[in-house]
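To keep things clear, I will list the structure first and then write my remarks on it.
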Amino acid sequence: MHKENAKKQVALLLADGFEEGEAVIVLDILERLDVSVTTLACQPNQTLRSYHGIQMQANELLSTQGDRLFDAVVMPGGPEGSMALAASRDVVEFVRRHDDAGKLICPLCSAAARVLGGNQLLKGRRYVCSGDLYKDVKDGVYVNQSFVEDGNLLSGKGLGLAFDFVFQLAYRLTGNAEATDFQADHIDYHHWRADQKL
């Protein structure tokens, strides 16, 4: 297979307490657009408990990934989940390594403030997060939008805007406006288009 035809690869980082709605929306839409999503448990075992107590099995453990690079790293919110991601040295190093390689770094909801802001990984870039968590962030510039792009950082505000976030991510990964718009229409989501202006 030629490299340009290879599926884009996304790492979805999960820890106990992750926001299941955000995680599943991201996985669903990306897979519809032929983007491969690998759920990575950022804890000692692959069985995870979501924010609302749903049990989910991750594809792999973060600890087994070695130097593997994905095209994008997505971190959903959830108070407990995002705090666990933020406290993990393995997660911080994984995100830093991908950021240094110019890969897409994609926090959703509380993850931008907690995981990136809490570990000085925003690097002065523009971002959005949920609620008033931005008040504790010192190294980024908060922008109140559905999603915010600044270079290789794509952040989303929260669960209610997860579709805007993931359709933008899918479009960034695939570059295919027609297919992305088609999938948005297919699920009757008419609030996002590839040619929209923020």
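If I ignore ligands, DNA and RNA and count only protein heavy atoms, how much of residue 141 is accessible to a 1.4 Å probe, in Å² to the nearest 10?
Using a 1.4 Å probe on the heavy atoms, I get roughly 70 Å².
Cβ under 14 Å from residue 150's Cβ, residue 150 left aside: what net charge do those residues give with Lys, Arg +1 and Asp, Glu -1?
+1
Taking Cα centroids, how far is the stretch 103-175 from the stretch 24-64 in Å?
19 Å
Carbon and sulfur: what percent of the chain's accessible surface (1.4 Å probe)?
Using a 1.4 Å probe with all protein chains present, the chain comes out at 48 percent carbon and sulfur.
Against the 2.2 N^0.38 Å scaling, with N counting residues, where does the chain land? I'd like the Cα-based Rg ratio to two decimal places.
Taking the Cα Rg and dividing by 2.2 N^0.38 Å, one obtains 0.94.
Normalised by the number of residues in the stretch 1-113, what is the relative contact order in percent for Cα pairs under 8 Å and 6+ residues apart?
Reported as a whole number, the value is 30 percent.
Report, by chain and number, residues whose modeled amide H sits under 5 Å from the one on residue 158, excluding near sequence neighbours (fewer than 5 apart, same chain).
109
Picking from 94, 118, 131, whose Cα lies most toward the positive end of the charge dipole for the stretch 43-198 (charges on Cβ: Lys, Arg +1; Asp, Glu -1)?
Going by the charge dipole, the pick is 118.
Considering only protein heavy atoms, what is the solvent-accessible area of residue 83 at a probe of 1.4 Å, reported in Å² to the nearest 10?
100 Å²
What list of whole percents do you get for P(r) of the stretch 41-98, with Cα-Cα distances grouped in 10 Å bins up to the one holding the largest distance?
Computed distribution, short to long bins: 20, 58, 21, 1.
May I ask which of 8/135; 103/135; 7/135 have a Cα-Cα span longer than 29 Å here?
Those over the limit are 8/135; 7/135.
Let me have the 222 nm mean residue ellipticity of the chain computed from DSSP H runs of 4+ only, each contributing -39500 (n - 2.57), with the sum over all residues rounded to the nearest 500.
-9000 deg cm²/dmol
Run the quick spin-label model on residue 195 and residue 38: label points 7 Å from Cα toward the beta carbon, then report their separation in nm to one decimal.
Reported label-point gap for residue 195 and residue 38 is 3.7 nm.
Given 45, 140, 12, which one lies farthest toward the positive end of the charge dipole of the stretch 1-140, if we put +1 on the Cβ of every Lys and Arg and -1 on the Cβ of every Asp and Glu?
Comparing the listed Cα positions along the dipole, 140 ranks first.
Whats the longest run of the chain with zero trypsin sites (Lys or Arg not before Pro) that are DSSP loop and have at most 11 other Cβ atoms within 10 Å?
By the stated rule (loop sites, at most 11 other Cβ atoms within 10 Å), 1-137.
Which FRET efficiency value, to the nearest 0.05, is calculated for residue 46 and residue 69 with the Förster distance at 22 angstrom and r the Cβ-Cβ distance?
About 0.55, to the nearest 0.05.
If you put +1 on each Lys and Arg Cβ and -1 on each Asp and Glu Cβ, how big is the dipole of the chain around its Cα centre, in Debye rounded to 20?
540 debye
Taking a label point 7 Å from the Cα of residue 80 along the Cα→Cβ vector, which residues of the stretch 10-29 have an amide N closer than 15 Å to it?
Hits in the stretch 10-29 for residue 80 at 15 Å: 14-21.
Given +1 on the Cβ of Lys and Arg, -1 on the Cβ of Asp and Glu, and no further charges, what dipole in debye does the stretch 1-102 carry about its Cα centre, rounded to the nearest 20?
It works out to roughly 180 debye.
³J(HN,Hα) across the stretch 106-116 via Karplus (A = 6.51, B = -1.76, C = 1.60, θ = phi - 60°), whole Hz, x for Gly/Pro?
10, x, 10, 6, 6, 5, 4, 6, 7, 6, 7
Remind me, relative contact order of the chain in percent, using alpha carbon pairs under 8 angstrom and six or more residues apart? Numbers along the way, then the final one.
Numbers: 413 pairs, mean separation 37.2, N = 198.
Here the relative contact order equals 19 percent.
The values are calculated or read from the model by the stated rules, or taken from the named source; none is laboratory data. Because the structure is predicted, anything quoted here is derived from the model rather than measured. So basically every Cβ, Gly included, is an ideal-geometry build from the backbone, and we count neighbours across all protein chains shown. Remember, those area values only see protein heavy atoms, side chains included, never the ligands or the DNA or RNA. Shrake-Rupley method; radii C 1.70, N 1.55, O 1.52, S 1.80 Å.
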